[in-house]
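Asker: Okay, here's the structure, questions in a sec.
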Amino acid sequence: MSTKQFEKILNTINIDPTKNTETASILQMCKDIESQQYLLPIYQTFVRWTAEKQVALFQYQFSGKAPVSAISVNRIDHNFKQDNVRQVQFYSRKQIDDYKNIVGKDSVTDGQQRLTTNYLAYIGDVSLGGIVLDINKAKFLEVDKNDVKPYQIPVTVLYNKEDNIYEYVEKNMKYSGKDLLYVASALDKVRTKWQKYYYSINRALNMNVKEQEEWFNILNLAGSSVTKDMVFLSRLQNKGIDFYTEYANKYTSIIKDEGLIDLYPKKSTEVSIPLASLNAAFEKVTNAKTHVLNMSPLPSDTKPKQIAQLSEKQIRYIFTITLEALRESIRYYKEFKQMDIDRMDYITNVIGYIVLSQSRKLDGKAISDINDWVEIDLFTNESNGTRRVIYQDLILRTQNINVK
């Protein structure tokens, strides 16, 4: 073994990230978010937790017998642009253009959803209005925010940075005298426990882009690669485009508003399904005359590198026409086919047809073509290869694209 190789081993041995672990209370972390101490790397997903998951977090912090898993952050201690993943503000996702403003800040690699959920309670955000602590059951629940019972207190009051527990109990919970004092005192102790609940924080120091990507993969996706999506998002941000706020958030909101959010099969598809849905628009904007099978809307067929090479105007255009086609696709199943959709494939395939058609609307030809194509259990137990052929069969009916 050469001296140089031996020195490399010794240098690696001297790296001990476990010594950079510390603790912080929920109250302190909420204050740090408020003061913009916490940032997000641009590849982090938007706030996606359901009320069910938020309730589960509040309940576990209230009654769990083991700590909640650690928050992982990367401390940025210099401002060399080439060494840092571009950052956005925590929660607002506003782009940070002046890199001097990120020095000394913590970029959250893992824990965004937990931090956000607690912060929303801290600021009294209306999105948590239906989550309450039920005093009778000693349990957090989701209820109709317009029908909170006298024995329930909203988490946005209980954990709000402004302490109005006594006033809320007196006005809304109909207690008086000793009972009022007893209930208010008990709820104040619940509030104090939450504020003083400590999280471990694993802090890396000044990771470069590659190191952050590797850490993110290990923490968030159990080894599955999202590197190509991260590069795509980074390049879009450099063009002043936020993939989440301008496109993915809107895509998911449409799916959610239509009651179809359960069609997202797992966490990673919250990015890959909207991203893969852009493939047809990419073929359209690049004037592709020949379709290849792996340009399907399957999550495994995302083309971030190619899309990132488009101009800013082209990228915003494919966002727009894909979102329009998403609405039209759902409208087809609601108004013309009236079938229960059990897979996202039904929606994403029709998106491709609509984008590639002449009118980009559900005209008579489109409805006839899709009616001839669609059937129950069309994708059930089919391989990705077969699903690509099924998609190809549909888009060929537009007569605007050929097969390779």
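The values are calculated or read from the model by the stated rules, or taken from the named source; none is laboratory data. Computed from a predicted model, the values in this text were never measured in an experiment. Every residue, glycine as well, gets a Cβ built from its backbone with ideal geometry; the counts of neighbours run over all protein chains shown. To get the accessible areas, we keep the full protein, side chains included, count just its heavy atoms, and leave off ligands, DNA and RNA. Shrake-Rupley method; radii C 1.70, N 1.55, O 1.52, S 1.80 Å.
Asker: On a full-extension model of 0.36 nm per residue, what is the gain between A24 and K139, subtracting their alpha-carbon distance, rounded to one decimal in nm?
Answerer: Taking 0.36 nm per residue and subtracting the Cα distance, the gain is 38.9 nm.
Asker: Using the Kirkwood radius over Cα pairs, work out the Stokes-Einstein diffusion coefficient for the stretch 343-396 at 4 °C and 1.567 mPa s, in µm²/s as a whole number.
Answerer: 113
Asker: Be a star and scan the stretch 31-75 for residues whose amide nitrogen sits under 16 Å from the point 7 Å along the Cα-to-Cβ vector of S127.
Answerer: Correct set: 33-34, 40, 44-58.
Asker: With all protein chains present and a 1.4 Å probe, how do D345, D363, D144 order by accessible area, largest first?
Answerer: D144, D363, D345
Asker: Which option, (1) 76, 23, 12; (2) 42, 32, 18; (3) 37, 27, 16, is the value of semi-axes √(5λ) of the Cα gyration tensor in Å that was calculated from these coordinates?
Answerer: (2)
Asker: Please give me, ordered by residue number, the trypsin sites (Lys or Arg not before Pro) of the stretch 135-211 that lie in loop per DSSP and have at most 15 other Cβ atoms within 10 Å.
Answerer: Answer in residue order: K137, K145, K161, K174, K196.
Asker: Which longest run of the chain has no exposed loop site in it, a site being GluC sites (Glu not before Pro) in a DSSP loop with at most 15 other beta carbons within 10 Å, and the site itself not part of the run?
Answerer: 163-374
Asker: Could I ask something else about it? Between Y317 and K361, how high is the FRET efficiency from 1/(1 + (r/R0)^6) when r is the Cβ-Cβ distance and R₀ = 22 Å? Nearest 0.05.
Answerer: Given R0 = 22 Å and the Cβ-Cβ separation, E is 0.85.
Asker: Using r as the Cβ-Cβ distance of E162 and E375, and R0 as 60 Å, what FRET efficiency do you calculate, to the nearest 0.05?
Answerer: For E162 and E375, the calculated efficiency is 0.60.
Asker: Would you kindly state how much longer the chain becomes between D147 and K210 on full extension, computed as 0.36 nm times their sequence separation minus their alpha carbon distance, in nm to one decimal?
Answerer: Computed gain between D147 and K210 is 17.7 nm.
Asker: List the trypsin sites (Lys or Arg not before Pro) in the stretch 88-121 that DSSP assigns to loop (not H, G, I, E or B) and whose Cβ has at most 12 other Cβ atoms within 10 Å. Which are they?
Answerer: Qualifying residues, ordered by number: K94.
Asker: Per 5 Å bin, what is the whole-percent P(r) computed from every C-alpha pair distance within the stretch 116-180?
Answerer: Pairs per bin, as whole percents: 4, 19, 27, 28, 16, 5, 1, 0.
Asker: For the stretch 271-366, list log₁₀ I(q)/I(0) at each q in 0.12, 0.13 Å⁻¹, using the Debye formula over Cα point scatterers of equal strength and ignoring solvent, two decimals each.
Answerer: Each listed q corresponds, in turn, to -0.35, -0.41.
Asker: Kindly provide the pair-distance distribution of the stretch 37-173 built from C-alpha pairs, with 5 Å bins from 0 and whole-percent values in order of increasing distance.
Answerer: 2, 9, 17, 18, 16, 12, 10, 8, 5, 2, 1, 0
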